[in-house]
Structures are given as C-alpha cells and as structure tokens.
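Colleague: I'd like to ask some things about the structure below.
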Amino acid sequence: MVQLDRSLTFPCVEYIRYVVNKSSRMYENKYPVAVDCHHIQFADFTAAKGMSVLMYDYAKRDQLLIMWKAKPSLQRVLAGVVDPNERDSILHFSQGEKHLEQIIGSTEFSILNYLYKNYYIWETD
C-alpha cells in the first residue's frame with residue numbers, strides 16, 4: 001500500500017512513480033499495488049497523463065495498480081487520459097476494504113499471508 005498525502009500535480013508525479021515502482025520492486029513486480037488516494041483533493045491534467053504512464057506500465061506486465069479511495073473527481077481526470085477502449089484493463093478503482101480484498105483476491109494473492117509469512121515491512125521512503 002502506497003499512501004499519497006497531497007494534491008496530484010505535475011511536479012510530484014515523478015516522485016510518486018518512483019515510490020510506487022519501488023514498492024512494487026520489493027516484491028519482484030508480482031503482486032498488486034494499492035495506492036491510497038484518500039487525501040488527494042485535486043489532480044491536474046498533466047499529472048493525470050503522467051500517472052497514466054504508470055498505469056500502462058503496470059498493465060503491460062499484468063500487474064494490478066489499484067487506486068484506492070479515489071474521489072469521483074480524481075477518477076474522472078484519470079479516466080479522461082486513458083484510451084476509452086482500454087479503461088477496464090488499465091483503471092482499477094476501489095472504495096472500500098472489502099472491494100479491495102475482492103480485487104486482490106482475484107489475483108490469487110493474500111497480502112496479509114505473504115507479509116506474515118515473509119516478515120516484510122513495507123516502507124516507501
């Protein structure tokens with residue numbers, strides 16, 4: 001889980017991509033990554049384009065990137081920069097923990113089991 005704590009604007013997109021990819025590499029790019037967007041109040045178009053590159057990268061390697069608790073305004077901005085024919089395979093939004101568990105469960109992966117089994121502490125800094 002990667003937590004974002006500010007607005008999503010162009011200057012911070014490279015750092016966000018770095019943090020999200022670093023979190024993914026900790027587990028050899030095998031498992032879903034959830035980005036907690038609860039605190040994101042604003043996203044500009046240029047930042048959304050930058051995030052779409054990250055979403056396409058994940059889709060290319062068949063890895064889920066889930067935007068968790070994204071507000072409707074953020075969902076609209078991100079949906080606006082993704083090819084409409086690819087939205088279902090690129091954009092993954094989840095509002096609640098149960099829905100997030102269902103999405104992760106569909107990948108035959110239990111993050112809690114993996115974390116307990118391997119004693120990893122997930123740090124993003």
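The values are calculated or read from the model by the stated rules, or taken from the named source; none is laboratory data. Every value quoted in this text rests on a predicted model; they were computed, and no experiment measured them. Here the Cβ is made from the backbone with ideal geometry for all residues, glycine too, and neighbour counts use every protein chain on show.
Colleague: How many residues are more than 22 Å from R6 (Cα to Cα) and small (G, A, S) when one looks only at segment 52-95?
Modeller: Residues flagged as more than 22 Å from R6 (Cα to Cα) and small (G, A, S) within segment 52-95 amount to 2.
Colleague: Could you please find all residues in segment 20-38 being buried (at least 17 other Cβ atoms within 10 Å of the Cβ) and aliphatic (A, V, I, L, M)?
Modeller: Scanning segment 20-38 gives V20, V33, A34, V35.
Colleague: Can I ask one more? For segment 63-77, indicate whether the set of residues that are in contact with a His (Cβ under 6 Å, 6 or more places away or on another chain) and modelled with pLDDT of 90 or more is non-empty.
Modeller: Yes, that holds for at least one residue.
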